[in-house]
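Notes for the one structure printed next.
Bear in mind that the values in this text are calculations on the coordinates, not laboratory data. What you are looking at is a predicted structure, and each value in this text was computed from that prediction instead of being measured. Neighbour counts are summed over all protein chains in view; Cβ atoms, including those assigned to glycine, are modelled from backbone coordinates with ideal geometry.
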Amino acid sequence: MATVLKSVDVVIVGLGWSGSIMARELTKAGLNVVALERGADRTPAEDFVFPYIRDELKVRVRNGLMLDTATETLTMRNAPSELALPMRKWDVFSLGDNVGGAGSHWNGITWRFTPSEFVLRTHLEERYGKNALPADMTIQDWGVTYDELEPHYDRFEKLCGTSGKAGNIRGKIVEGGNPFEGARSDEYPNKPLIMSQAGMMMSKAARELGYHPFPTPASNSSAPYTNPEGCQIGQCQYCGHCEYFGCEVNAKASPNVCLHPVLFADPKFERRTLAYVGNLKYDAAAKKVRSVFYIDRRTGVEYEQPADLVILCAYPFNNVLLMRLAGVGKPYDPATGEGVIGKNYCYQTNSGVAAFVDEEINPFIGTGVSPAVIDDFQGDNFDHGGLGFFGGGYIAPSVSGGRPIQVRNVPPGTPRWGSAWKEATAKWYNHWFPLSVHGTSYANRNNYLDLDPTWRDAIGRPLVRMTFNYPENDRKMSVFMTNKANDIAKAMGAKITVPAPRTSNFGATNGQASHHTGGVIMGKDPKTSALNRYLQSWDCDNLFVMGGAVYPQNAGHNPTGTIAALAYWSAKAITEQYLKSPGALVKA
Amino acid sequence: MADTSIPRRDFLKGAGVAGAGAAAVLSGQEALAQAPSSATAAKAAPEALLTLTATEAAFLSAVYDTFIPADALSSSGTDCGLVTFWDRQLAGAFGNGQGLYRNGPHIPGKPEQGYQLLLTPRAYFAAGIKAANAYAKKTVGKEFDRIGPADREAMLKDMEAGKAQFDGVNAKPFFEALYASAMEGFFSDPIHGGNRNLASWKMIGYPGLPATYARTAEQYRGKKVDLKPQSIQDFI
């Protein structure tokens, strides 16, 4: 039986971005915080060291920094009628592991969502009519607005030393930035990164087509920077090893660099690594979580850690799993559309155009961000009347490194091997780049997460079962967006363009983003959401859930900026409201 | 059964470090005009195998030399160390199933659901090579490494297209696994045993390490960058 430990003020499950932010805010408010991290400790000085971190085979292809599927994976199917099977190895995406979580090995692309995304259903119904949305599109409003999150986005950008150019400061449109963004209280803390050749070409072509290119906001710091926590951030060296890699010069923002030096020095904070949380003890009558059960992976001993406040900061799949195992919230049922846990799982509808060009691209001189992008076709930034779909995305060149196992291409019709292939590979390696579409993933009634009835993880729990396919709406969006990207590629003077819209089924083998959202969504109504607007469980007053899991649907921007802003938003509600009067922050 | 009447396998005689023939960073046409024939390239002593059998090594050598033939751009796949590379990969953690969820039941799925077999990569390659050699023997009369270049090419194409029917092993995904192993071996850092003499990095103009461009990113923008490629080993 589990050894019962002395109760603490707060237990945080998972020490990635949201866990680290929450831990920092709550310790600063005077609480004793224990973070339980399934993975091992991880520090840049020990684990992201040159030259070894530059090993594409080990770190990228073999997923060196990622969770082992033997420990935990998912089962996957395209529709509720199918038999889900385990994702036995990572391919389409991989999940993070260890202290810092995915925040250690992200690309650094740091967006704010467009204001209309937070009130999506209301916005689209007002603009296009109540009957315009497809019946199976289960999109919802978030319960929080862009304006409410703005100060928290600002804090996160300053924490990260984000490099960018504001397009809208307090309602005033600023030349060179994103004219479609919500009003900002301030400029980015660092100037934009040096523009790549691909970025220059894309920006020029986009401008000629009447679009509004600007530097992609990047938490790869363009200059040495000290953040408001006093943590030092280095200068980006354009080494082309961001996504999937750790940064050897501490230029890419991560929890490890931006928060852990101060957090780990705080006596009110304790981190327990290799502490594998398996379940929660839920007292449904009292609407409280009493404790968290975890296994010390070094000894095999199980502990019960009681706490006044429990904050789930694991990856979306694990947050869903813990809610389901503990029995907090009603499981979602696609047949009836009722229930909330597992509802509105969304992904990211990405596609792209391979552009083969005359210019020298030098893909190996890169950062996580190219940095050039247009947001003209993001979300509802353009009129969808008569288009037959909703949503959109950004279009940007993806030149984040020239790592040769994966970043090669040859024009269609080239043999896949032999001397002709070698010659084409040598010829085109430096003369192509993808113009990527990073698109919305809008919720669908049949896309959800629940518990698999057959397969189990390393500690004996059911695997999460993902039922997902690209909805018709998103496929139409992808065709539209990929055509727009193709127009830009042609306007750049590309010799050959190869558009690849997302028109086939979602599969375990065609790799793209690791952006997963939904399953424990926030909202305005306990019938249709698991959490209230402060990310507090409707069914359990001392349980808060963070991360992508809380998104009612996924926007066309990368998720991290909003995950972090929501963590600050929720932390503020906890410290300023909940601690004074522990209970439901929103009356159902 | 291996046909022992034929002296076994070019691979075992010739695997090793590619020699002077490895191409510098030249365009394909320039390289074709300037480089010596790779047939004259020096060959080093063979490497000891960690897990592959002689038959398996010979099969992979023949496949890799078909994918990456010796020409002005690089020496052959085998001479670039690809068999050694894959031998090390299969002998290590990856080959023995690290990163592979192996819990049963194992039920065949649709292609979207990915790899569903009980086999580790090591065991999968053993089974795949056996099936491929049996198929070669049945269709062309000899095991794969003993058939001519045209027959090798044709059989790989049939595997790729899903036309080749192997006994017990699905030839199409096995082809893709072979192809991926070749690309990994050819393009990865040489510390893993492939990409000897940085052959592929020189071929495409990838500078490798150390890659600190904060001061030069603007200067290099849009220009050909002529940097001598460096491996992880160069910084130890």
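Side notes on the structure shown:
- Radius 14 Å from Cβ of A:Gly230, net charge of other residues (Lys, Arg +1; Asp, Glu -1): +1
- Note that region A:324-341 has calculated 3J(HN,Hα) couplings of 5, 5, 7, x, 8, x, 7, x, 6, 10, x, 5, 9, x, 9, x, 10, 6 Hz, one per residue in order, obtained from phi through the Karplus relation 6.51 cos²θ - 1.76 cosθ + 1.60 (θ = phi - 60°); glycine and proline are x.
- For A:Tyr394, the residues whose modelled amide H falls within less than 5 Å of its own, excluding neighbours fewer than 5 places apart on the same chain, are A:His438.
- The 3J(HN,Hα) values that the Karplus relation (6.51, -1.76, 1.60; θ = phi - 60°) gives for region A:144-150 are, in residue order, 10, 10, 4, 4, 5, 7, 3 Hz. Gly and Pro appear as x.
- Interchain or long-range residues, amide H under 5 Å from A:Thr75's placed H: A:Met87, A:Val464, A:Arg465, A:Met466
- HN-Hα J in Hz across region A:13-24 - Karplus 6.51, -1.76, 1.60, θ = phi - 60°, x for Gly and Pro: 9, x, 10, x, 4, 5, x, 6, 4, 4, 4, 5
- Measuring nothing but how far apart in sequence close Cα pairs (under 8 Å, 6+ apart) lie, relative to its length, region A:1-110 scores a relative contact order of 31 percent.
- Computed over region A:60-192, Kirkwood Rh from alpha-carbon pairs, angstrom: 18.5 Å
- Under-5 Å amide H pairs with A:Tyr345, H placed in peptide plane, nonlocal only: A:Tyr448, A:Leu449, A:Gly519
- Using a cutoff of 8 angstrom between alpha carbon atoms and counting only pairs six or more residues apart, the relative contact order for chain A works out to 22 percent.
- Using alpha carbons only: equivalent-ellipsoid semi-axes of chain A, gyration tensor based, whole Å: 36, 26, 24
- Inter-site label distance for A:Ala79 and A:Val301 at 7 Å from Cα along Cβ, in nm: 5.2 nm
- Helix A:418-428 vs. chain A, principal-axis angle (Cα, 0 to 90°, nearest 10): 90 degrees
- A viscosity of 0.890 mPa s and a temperature of 25 °C, combined with the Kirkwood radius over C-alpha pairs in the Stokes-Einstein formula, give region B:38-134 a diffusion coefficient of 162 µm²/s.
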